[in-house]
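The values are calculated or read from the model by the stated rules, or taken from the named source; none is laboratory data. Every value quoted in this text rests on a predicted model; they were computed, and no experiment measured them. Positions of Cβ are backbone-derived with ideal geometry, glycine not excepted, and every protein chain shown enters the neighbour counts.
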Amino acid sequence: MVFAEASCSQTGWLYALTSATSFYLLRTLLVPAIFARVWPEWTLKRRNMFANHFVSCLHAMTCSILVVGTFFSYPALLSDLQGLHVDAYAMEFARGVLAFSSGYFIGDCLDMAINRVYAGNFGVWAHHIVTIFCYTSALHNCLLYPYLIFTLLVELNSIFIHQRKLLLLYFVSVPQMPSFYRTIYKHATTLLLLSFPPTRIVANFYLTYRLFADRGTWVAPAWTWWVATCGMILVDYYNIVLWGQVKKSVTRDNRAKAEEGDHKNTKQDKGDWKGQQGSEFLD
């Protein structure tokens with residue numbers, strides 16, 4: 001049994017580190033190659049931001065498919081979020097999904113540290129650190145995979161956050177986008193607003209409720225319950241603040257549409273908690 005637990009932990013770490021390496025290589029090698037035609041014309045900051053969001057968007061799309069596919073293929077995971085009674089194949093698949101996203105967040109932190117992407121953005125750093133700690137703890141201890149991959153439903157919403165940012169980075173502003181891409185941007189904004197409450201607010205509040213409901217039957221070490229609960233409370237707060245920023249961003253879009261050419265509409269909101277540079281994550 002000791003060997004099995006050690007093997008499980010080692011496999012989880014191997015998957016996560018392989019994922020992290022793959023994401024970082026994708027960001028540093030493949031993205032510049034894909035956009036080689038325009039890459040030399042962009043500033044270093046613009047290139048770094050675009051590469052970061054491109055990889056993040058790929059992760060969000062792939063992760064969304066994996067998470068929905070996992071719960072569709074193994075619906076028992078939804079009623080047994082601790083993973084106590086589901087079969088080994090379901091838990092193995094869930095571990096792979098969790099390791100995949102753990103690697104992405106590790107690689108993203110590496111990108112932020114090396115290339116100074118969102119260097120002053122406390123919200124993103126805090127979110128990533130909490131996520132990495134919770135996910136890798138589960139992988140190391142071979143516990144609670146269903147709980148944690150349920151949190152990855154937020155990636156459905158992240159797809160549209162990153163799509164909007166990529167279009168803005170590529171075309172500089174909404175008025176400069178060709179009509180086709182402006183339509184994509186409009187639909188991405190609509191889907192961002194529609195998907196945000198169910199995936200980021202309702203789903204995470206539901207998980208917080210389940211944590212308290214499962215307290216009496218919690219079989220993992222007690223510290224894991226406290227880590228999970230504190231982590232969910234922090235993430236709930238993060239998502240509420242992010243919702244406010246989403247609405248501010250959409251308001252700025254609407255104002256810019258009404259007053260195209262007025263540069264005052266691109267002024268950053270200094271009230272954002274994402275740092276002195278303003279709400280760069282969305283705008």
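Here is how the numbers come out for the structure above:
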item	result
Residues that are surrounded by fewer than 23 Cβ atoms within 10 Å (Cβ to Cβ) and part of a helix (DSSP H, G or I), drawn from region 141-150	Asn141, Phe150
Any pair with Cβ under 7 angstrom, 6 or more apart, that starts in region 208-228 at a residue that is of a type in the set (A, V, I, L, M) and ends at one that is surrounded by fewer than 16 Cβ atoms within 10 Å (Cβ to Cβ) and not in a helix (DSSP H, G or I)	Val219/Leu84
Condition check for Thr190: polar (S, T, N, Q), in a helix (DSSP H, G or I) and modelled with pLDDT of 90 or more	yes
Which listed residue, of Arg116, Arg27, Arg46, is farther than 15 Å from Thr136 by Cα, touching a residue at least 24 places away in the same chain (Cβ under 8 Å), among the basic types (Lys, Arg) and in contact with an Asp or Glu (Cβ under 8 Å, 6 or more places away or on another chain)	Arg27
Lone unmet requirement of (1) within 21 Å of Leu139 (Cβ to Cβ); (2) surrounded by fewer than 18 Cβ atoms within 10 Å (Cβ to Cβ); (3) touching a residue at least 24 places away in the same chain (Cβ under 8 Å) for Asp87	(3)
Options Glu280, Glu260: the member that is out of contact with any strand residue (DSSP E or B) (no Cβ under 8 Å at 6 or more places or on another chain), loosely packed, with under 12 Cβ neighbours inside 10 Å and either at pLDDT 85 or above or part of a loop (DSSP other than H, G, I, E, B) (or both)	Glu260
Residue match in region 98-112 (condition: farther than 19 Å from Phe23 by Cβ, free of Cβ contacts under 8 Å to residues at least 24 places away in the same chain and assigned to a helix (DSSP H, G or I))	no
Any hit, region 128-139, residues being within 28 Å of Leu166 (Cα to Cα), modelled with pLDDT under 95, touching a Gly at 6+ places or on another chain (Cβ under 7 Å) and not hydrophobic (A, V, I, L, M, F, W, C)	no
Hits in region 119-140 (condition: within 17 Å of the chain's Cα centre (by Cα), in contact (Cβ under 8 Å) with a residue 24 or more places away in the chain and part of a helix (DSSP H, G or I))	Phe122, Gly123, Val124, Ala126, His127, Val130, Thr131, Ile132, Phe133, Cys134, Tyr135, Thr136
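Let's see how each residue does on (1) more than 28 Å from Arg164 (Cα to Cα); (2) surrounded by 12 or more Cβ atoms within 10 Å (Cβ to Cβ); (3) of a type outside the set (A, V, I, L, M); (4) touching a residue at least 60 places away in the same chain (Cβ under 8 Å):
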position: Thr18; (1), (2), (3), (4): yes, yes, yes, yes
position: Ser22; (1), (2), (3), (4): no, yes, yes, yes
position: Asn52; (1), (2), (3), (4): no, yes, yes, yes
position: Ala76; (1), (2), (3), (4): yes, yes, no, no
